[in-house]
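**Student:** The structure is given below, and queries will be raised subsequently.
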Amino acid sequence: MRWLPTFFLMGAVAFLILPILIVIPMSFSVGSYLAFPPTDWGTQNFQALWVRPEWRDALLYSLKVAALVTALALPIGTAAAFGLEYASERWRSVLRMFVLLPLVVPLILLGFALYVVYAQLGWLNWTPGLVLSHLSLAIPYVTLAVGVGVQALDRERFLAARLCGADQARAFRDAILPQLYPSLMAGGLFAFVASFDEAVIALFIASGENSTITRQMFTSLRDRIDPTVSAVSTLLLMITLSLVLASALRDRKTNRS
Amino acid sequence: MRGGTVATLVAPALIVVGAAVIAPTLWMLYQSILYQGEFSLHHYQRLFTSRLHQIVIRQTFELALTVTVICVAIGTPFAWFASRMASRARNALIGIVVVTFFASLLVRTYAWLVLLQGSGLVNDGMIALGLVSEPLQLVHNRTGTVIGMVHIMLPFFILPAYSAFLKVPNEIVQAARSLGATAARAFLSNVLPLAASGIATGTTFVFVLSLGFYVTPALLGGGRVMTAPMLLARDLSRFSEWGTASALGAVLLAATVGLAAVAYWLIGRRTDADRAN
């Protein structure tokens, strides 16, 4: 009976990870989209991602949106993390609830409600409209990630810098910010992925020329599967993996200091 | 660093949440109680008299319940066995769970589409093993939807359950066993109550999140599964249906937020009781 738990664990782990891993060899297959294991190997799916305009445009558009979202979410989310840290006990839980709210509301409801509102405002398929909605999903991740770093801050370094004659801004930049780099990196990656990987809201409010890569992938899977999907999948998995590694690295550094 | 500063620091985040989440949600609620320009519960009445809406609401809850039961059935032994492993094996196992937790939902749905098709790896494997004589219909139906959703939801159950089990000392099991309890009995009456809050958290996560699934049932259900989110998406293109769709959205919102709040309250109370003991 001793082998039973091990056997069960192995089975469950295989169920969890194997379906994700098969995507990588599939992206290097040539020909029919659904063949696994592949019969012929090549990089034509990745080439198609770049050569075929509908995929390239969607990829570039998603990168643009995700970059904008990350650039905005980092300062806003970091400011909120500091605000929550310094808020009084009573306000902190209320404010935290509001900042984290976008993670609780089902995406489908946000997508539907945003579509209805944007349709009336004429904001459908408008980049700032999509950036705004993705921003609300990205900020909570930044606040959570940076919040961990803010709690572990060595504040005496700030005082030391001030005593050495640095003004507030300089002391913050040179004595506080470097301590937050690992958290900021993890938060930034989370923010990037929250936008880049988001499929539901984008499906509703970003179409036509402003299609995201996830929307392109969804419609391809629904209507007529295109082998390029497997190349996009591998790309998304690589980004996810770097996210997990970055936050593992962050935890190590935070624990050490 | 008081009042004013805190407000200035948090304000930008709150403005974004207000504009992108709270305002549209309120607008949706407002639309649901408006009929031909006047306040009315017409849309809610329609929701509860239309056969389509009734079927869809029932299917949504049934699907979420099925996925939750399977996740609890697989996840509980997984989390428990994993928590009893040596620390190295334990970290490797949970590391894999964390990777799957973060892996793109769209990518995983695609992978299952490939694996479960008629000539896919799962069917080929079962035929090679002699389990079935011809390919089973595993995708473009309810079965495929359930498999795909369980795969996505399982980490949401395992992670909180695992961290609860991790706090249960080995001595508890040994004591129960030495007093003559079977392994199953020791687990059910001595271990499970100690990890109840973690298991309740995981169960709530799975059920609540399953209610809002759109992408997976839309792609793996092949039109044979219709969930409330899918109905919302369909009604989007019909302006005349926005009111009823808003009412459906309100029901979905109430179910999700309501269940999450009740669970939060119950789990909080339980943890307090644990502390008091």
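**Student:** For chain B, which span is the longest to avoid every loop-located (per DSSP) member of trypsin sites (Lys or Arg not before Pro) having at most 11 other Cβ atoms inside 10 Å?
**Tutor:** For trypsin sites (Lys or Arg not before Pro) (loop position, at most 11 other Cβ atoms within 10 Å), the longest site-free span of chain B is B:3-166.
**Student:** If you don't mind, another one. Rolling a 1.4 angstrom probe over the protein heavy atoms, how many square angstrom per residue are accessible across the protein assembly as shown? Don't jump to the answer; show the numbers that get you there.
**Tutor:** Working: 25160 Å² over 534 residues.
I get 47 Å² per residue for the protein assembly as shown.
**Student:** Also: Within a 10 angstrom radius of each residue's Cβ in A:93-105, how many Cβ atoms of other chains show up on average? Whole number is fine.
**Tutor:** Shielding by partners across A:93-105 averages 4.
**Student:** Related question: Work out the FRET efficiency for A:Ala166 and B:Ser163 from their Cβ-Cβ distance, taking R0 = 51 Å, and round it to the nearest 0.05.
**Tutor:** E between A:Ala166 and B:Ser163, to the nearest 0.05, is 0.75.
**Student:** Quick one: dipole size for chain B, taken about the Cα centre, charges +1 on Lys/Arg Cβ and -1 on Asp/Glu Cβ, in debye to the nearest 20.
**Tutor:** 480 debye
**Student:** Counting alpha carbon pairs within less than 8 Å and at least 6 residues apart, what relative contact order, in whole percent, applies to the stretch B:72-179? Each step should come with its number before you reach the end.
**Tutor:** Details: 71 pairs, mean separation 42.8, N = 108.
Computed over the stretch B:72-179, the figure is 40 percent.
**Student:** Test of the criteria: in the stretch A:156-207, which trypsin sites (Lys or Arg not before Pro) are in a DSSP loop and have at most 13 other Cβ atoms within 10 angstrom of their Cβ?
**Tutor:** none
**Student:** Ok, one more. Highest GNM mean-square fluctuation, chain B, Cα pairs closer than 10 Å: which of B:Val132, B:Val122, B:Val69?
**Tutor:** Sorting by GNM fluctuation, first place goes to B:Val132.
**Student:** Membrane-span-like helices in chain A: DSSP H runs reaching 18 Å or more (Cα, own axis), mean Kyte hydropathy at least 1.6?
**Tutor:** Span-like helices, by this rule, are A:3-21, A:107-121.
**Student:** At a probe radius of 1.4 Å, figure out the B/A buried accessible area, summed over both chains, and give it in Å² to the nearest 100.
**Tutor:** Rounded to the nearest hundred, the buried surface is 6300 Å².
**Student:** Sticking with this one: Which residues of the stretch B:215-239 bury at least 30 Å² of accessible area once all protein chains are present, versus their chain alone (1.4 Å probe)?
**Tutor:** B:Val215, B:Leu219, B:Leu232, B:Leu236
**Student:** Could you check how much of the accessible area of chain A is carbon and sulfur, as a whole percent, using a 1.4 Å probe?
**Tutor:** 65 percent
**Student:** Suppose R0 equals 41 Å. What FRET efficiency, 1/(1 + (r/R0)^6) with r the Cβ-Cβ distance, do A:Leu177 and A:Val104 give to the nearest 0.05?
**Tutor:** So the FRET efficiency works out to roughly 0.85.
**Student:** In the stretch A:1-83, which trypsin sites (Lys or Arg not before Pro) are in a loop and have at most 11 other Cβ atoms within 10 Å, using DSSP for the loop call?
**Tutor:** Answer in residue order: A:Arg2.
**Student:** OK, next. Considering chain A as a Gaussian network with a 10 Å cut-off on Cα pairs, which listed residue, A:Met185, A:Met217, A:Met97, attains the greatest mean-square fluctuation?
**Tutor:** Of A:Met185, A:Met217, A:Met97, the Gaussian network model singles out A:Met97 as fluctuating most.
**Student:** In deg cm²/dmol, rounded to 500, what helix-only [θ] at 222 nm does chain B give when every DSSP H run of at least 4 residues adds -39500 (n - 2.57) and the total is split over its residues? Spell out each step's value before the answer.
**Tutor:** Details: 14 runs with 206 residues, N = 277.
Using -39500 (n - 2.57) per qualifying helix, the result is -24000 deg cm²/dmol.
**Student:** Then there is this: Restrict the search to the stretch A:97-153; then list the chymotrypsin sites (Phe, Trp or Tyr not before Pro) that DSSP places in a loop and that have at most 16 other Cβ atoms within 10 Å of their Cβ.
**Tutor:** A:Trp126
**Student:** What's the carbon and sulfur percent of the stretch B:149-261's accessible surface, probe 1.4 angstrom, rounded to a whole number?
**Tutor:** 66 percent
**Student:** While we're on this one: Once Lys and Arg get +1 and Asp and Glu get -1 on their Cβ, which of B:Phe101, B:Ser40, B:Ile172 lies farthest toward the positive end of the dipole of chain B?
**Tutor:** The residue sitting farthest along the positive end of the dipole is B:Ile172.
**Student:** Let's see if you can work this out: charge +1 on each Lys and Arg Cβ, -1 on each Asp and Glu Cβ, no other charges. What is the dipole magnitude of the protein assembly as shown about its Cα centre, in debye to the nearest 20?
**Tutor:** Rounded to the nearest 20 debye, it is 1140 debye.
**Student:** With all protein chains present, how much of the accessible area of the stretch B:4-131 (probe radius 1.4 Å) comes from carbon and sulfur, to the nearest whole percent?
**Tutor:** That share works out to 69 percent.
**Student:** Of B:Val132, B:Gly148, B:Val225, which is farthest towards the positive pole of the stretch B:50-276's charge dipole, taken about the Cα centre with +1 and -1 on the beta-carbons of Lys, Arg and Asp, Glu respectively?
**Tutor:** Farthest towards the positive pole: B:Gly148.
**Student:** Taking Cα pairs under 8 Å and at least six residues apart, what relative contact order does chain A come out at, in percent?
**Tutor:** Working: 289 pairs, mean separation 74.7, N = 257.
Across chain A, relative contact order equals 29 percent.
**Student:** Residues of the stretch B:17-62 losing 30 Å² or more of accessible surface, assembly versus chain alone, probe 1.4 Å, please list them.
**Tutor:** At a threshold of 30 Å² (probe 1.4 Å), the residues of the stretch B:17-62 that become less exposed are B:Val17, B:Ala20, B:Val21, B:Ile22, B:Pro24, B:Trp27, B:Met28.
The values are calculated or read from the model by the stated rules, or taken from the named source; none is laboratory data. Predicted model, so just to flag it, every value in this text is computed and none were measured. Quick reminder, even Gly has a Cβ in these numbers, built from the backbone with ideal geometry, and neighbours come from all protein chains shown. Just so you know, the surface numbers come from the protein's heavy atoms only, side chains and all, with ligands and any DNA or RNA stripped out. Shrake-Rupley method; radii C 1.70, N 1.55, O 1.52, S 1.80 Å.
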